[in-house]
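Some notes on the structure that comes next.
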Amino acid sequence: MYQITDEARRKLLDFWLDYVGELLTPITIYDPYGYLGKGDFMNKVTDETRRESYGAAMQDAAARRRVILEILTENKKGMTAREVAGELHRRGITPTDERNYAAPRLTELYKAGKITTTGKKSCPQTGRNVAVWAVKE
């Protein structure tokens, strides 16, 4: 993933304001509660909470990837994303067995070269073919 520096971000914004911004029709922003007039305080608070949430989410994702690797290692035949999500729920790691608790982490593990697809099988809930994931040997 590419990181952009603050200086580069400022240059991009300046470019946009200079060249693209002139082409846009000015707009009026309706702000009945005066949120926009709060100054830097609102930006500082939202920046802090966004950063805190992001940090917590990244820690949760890393922990979930470790558990998913453990689950797939235990199950040599491989599992679908929905089956992995069900196991995460059974272990008390996620609040439900929704497949989206597992699918993004499976994609990350695949891109990292830790797991691979070993085939496909029909999902009993959707009736569609889905990938079967297993630890890469």
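What follows draws every value from the coordinates through simple rules; no lab data is involved. Computed from a predicted model, the values in this text were never measured in an experiment. Note: ideal-geometry Cβ built from the backbone for every residue, glycine included; neighbour counts use all protein chains shown.
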Q.
Go through (1) free of Cβ contacts under 8 Å to residues at least 60 places away in the same chain; (2) surrounded by 11 or more Cβ atoms within 10 Å (Cβ to Cβ); (3) in contact with a strand residue (DSSP E or B) (Cβ under 8 Å, 6 or more places away or on another chain); (4) not in a helix (DSSP H, G or I) for W133 and report which single condition fails.
A. (1)
Q: Among what's in the stretch 88-130 and is part of a loop (DSSP other than H, G, I, E, B), under 19 Å from the mean Cα position of the chain (by Cα) and polar (S, T, N, Q), pick the residue that is surrounded by the most Cβ atoms within 10 Å (Cβ to Cβ).
A: T94
Q | Filtered residue count, the stretch 94-128, keeping only those that are of a type in the set (D, E, K, R) and either more than 15 Å from R82 (Cα to Cα) or free of Cβ contacts under 8 Å to residues at least 12 places away in the same chain (or both) | A | 4
